[in-house]
Amino acid sequence: MFRRILLAGFAMMAAGILSVAQAQDLVGMASQPIDTSKDGTATIDVSKAPGGFRAIRVKNKGSTPIDLQRVQIIYSDGSVHNEDRQIDMRKGERSREIAPSGADKFIDKVNVTWKASQGTGTLQVLGLQTREGRRLERPKGPATGDLSAEADPGTPVATNGKGPITDGNDVMFGYQNVGFGIDRDVIKVGGEIGKFDRLRLRVLGNDVHLNSLKVVYMDGTEQDLAVDADIRANTRTSWLDVQGDKFIREIQMSYRSKPNFKGQARIEVTGQYADGWLGPNGDGKKYNAGWVLLGAQTAGFTGFDKDTITVGKNEGGFTKLRVVAKDRAITLKEVRVVFLNGPDEVFTMRERVDPGNPYGPLEFKARSAIKEIQAKYRSRFDLAKGLKNLFEGTPAVVEVWGQH
């Protein structure tokens, strides 16, 4: 009797597992030819694939082997998953699940990096999709209004929280941690950081209701950008036009965060440089002894983050880099400069970088425009505070500066 009950239990478990497996279909999202005769990277646009997905797999549809070193998934909410492992596939082979999740997510892009093997190949991205995920539709954009410089300050506006977030060569140049209740904060920017044509906000960790947003320029003039904007956690706003011929002194915010178990929210400001700022003969060379901010990223606490730092639109010609830590010391392990044309430049180290003490310069031969900078680092623990406080406090911000 007991044996029959046990067998019945196993049968029910097996049926349950089978039903879960059947509930997720493996569907083709997009395919792209790649040149595997040399090391390379590629971006596969999967934003046209309908519905949300629980995970992806990659498949070798060509006749030559593909040796992937990294797969990066960029979701529509701006979040990123980095899969740093070797995926060696022969003809017809596919990877195991990458970034499995219990939630249906919209995916915009899949970036892949491979090592040279032979010939050319074709890589396909497959998505694991539930029936519920298949029915989901990507929002077309803001539900009510548009968070833009031209918006009427008295009109409630909304952010593009659900729409696709695409890379825009924007550089993070300000940030602030915000607490509960109604509050005001100022993000100090100061002259000489850069001149920007437009900016957008990114909110991490908690929802924020933005009562007002004001840009104050170095000449004392002010620009009101938005009133009554809801920004959901882990999303970015749409772009906001600002005056690209002026330096920004500060950004004033009046906000109300949504109290919940997540605690504080973090607001980051990124911007697109005005034309010519990063050029070999641009205005950026006139300030900071010729050093210009190329990109910045918030560092994590555990393990070594391998982050891709977006770089402002540039014409190349940089010969030196230096790394700056703000708010907290970091351990820096690797810096990889990826050019639009030509081989990557890789610097390896294991160095402590303290705030106020830049690391570098890292010198290299001037090449084409820089596509991105990939770096491995982590925030250092403050052991003086004890084990309880290892992961508390402000994370480090890692900045990469360049000089022609």
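Scanning segment 343-375 for residues that are out of contact with any Asp or Glu (no Cβ under 7 Å at 6 or more places or on another chain) and under 13 Å from Gly317 (Cβ atoms) gives Lys365, Ala366, Arg367, Ser368, Ile370. Across segment 246-274, the qualifying residues are those that are farther than 17 Å from Met172 by Cα and assigned to a loop (DSSP other than H, G, I, E, B), and the one among them that is modelled with the lowest pLDDT is Phe261.
Only one of the numbered conditions (1) hydrophobic (A, V, I, L, M, F, W, C); (2) touching a Lys or Arg at 6+ places or on another chain (Cβ under 7 Å); (3) under 21 Å from Lys38 (Cα atoms) is violated by Ala329, and that is (3).
Per the conditions (1) without any contact (Cβ under 8 Å) to a residue 24 or more places away in the chain; (2) more than 19 Å from Val338 (Cβ to Cβ), the sole criterion not satisfied by Ser47 is (1). Tell me which residues, restricted to segment 212-235, are closer than 15 Å to Arg198 by Cβ and surrounded by 22 or more Cβ atoms within 10 Å (Cβ to Cβ). Residues satisfying the conditions are Leu213, Val215, Leu225, Ala226. Could you tell me whether Asp108 is over 22 Å from the mean Cα position of the chain (by Cα) and either modelled with pLDDT of 90 or more or assigned to a strand (DSSP E or B) (or both)? For Asp108, the condition - over 22 Å from the mean Cα position of the chain (by Cα) and either modelled with pLDDT of 90 or more or assigned to a strand (DSSP E or B) (or both) - is not met. The residue pairs whose first member lies in segment 272-296 and is of a type in the set (Asp, Glu), whose second member is part of a strand (DSSP E or B), and whose beta carbons are closer than 8 Å, counting only pairs six or more residues apart or on different chains, are Asp275/Asp197. Close Cβ contacts (under 6 Å, 6 or more residues apart or on different chains) running from residues in segment 327-353 that are closer than 12 Å to Ile373 by Cβ to residues that are among the aromatic types (Phe, Trp, Tyr) and part of a loop (DSSP other than H, G, I, E, B) comprise Glu345/Phe364.
From the list Ile74, Ile87, pick out the single residue that is modelled with pLDDT under 85, buried (at least 17 other Cβ atoms within 10 Å of the Cβ), under 30 Å from Phe339 (Cβ atoms) and hydrophobic (A, V, I, L, M, F, W, C). Write out each step before concluding.
On the way: Ile87 fails: modelled with pLDDT under 85.
Answer to the selection: Ile74.
Here is a check on your reading of the model: is Gly51 among the small types (Gly, Ala, Ser), out of contact with any helix residue (DSSP H, G or I) (no Cβ under 9 Å at 6 or more places or on another chain), more than 23 Å from Asp344 (Cβ to Cβ) and not assigned by TED's automatic domain parsing to the domain that holds Thr308?
On the way: among the small types (Gly, Ala, Ser): yes; out of contact with any helix residue (DSSP H, G or I) (no Cβ under 9 Å at 6 or more places or on another chain): no; more than 23 Å from Asp344 (Cβ to Cβ): yes; not assigned by TED's automatic domain parsing to the domain that holds Thr308: yes.
Against the criterion (among the small types (Gly, Ala, Ser), out of contact with any helix residue (DSSP H, G or I) (no Cβ under 9 Å at 6 or more places or on another chain), more than 23 Å from Asp344 (Cβ to Cβ) and not assigned by TED's automatic domain parsing to the domain that holds Thr308), Gly51 does not qualify.
Answer yes or no as to whether Gly303 is at pLDDT below 90 and either crowded, with 16+ Cβ neighbours inside 10 Å or of a type in the set (Gly, Ala, Ser) (or both). Yes; evaluated as a whole, the condition is true for this residue.
For segment 190-206, a residue qualifies if it is under 25 Å from Trp291 (Cα atoms), of a type in the set (D, E, K, R) and either modelled with pLDDT of 85 or more or surrounded by 20 or more Cβ atoms within 10 Å (Cβ to Cβ) (or both), and the qualifying residues are Lys195, Asp197, Arg198, Arg200.
The values are calculated or read from the model by the stated rules, or taken from the named source; none is laboratory data. In this text, all values refer to a predicted model and were calculated from it rather than measured experimentally. Cβ: placed from backbone, ideal geometry, glycine included. Neighbour counts: every protein chain shown.
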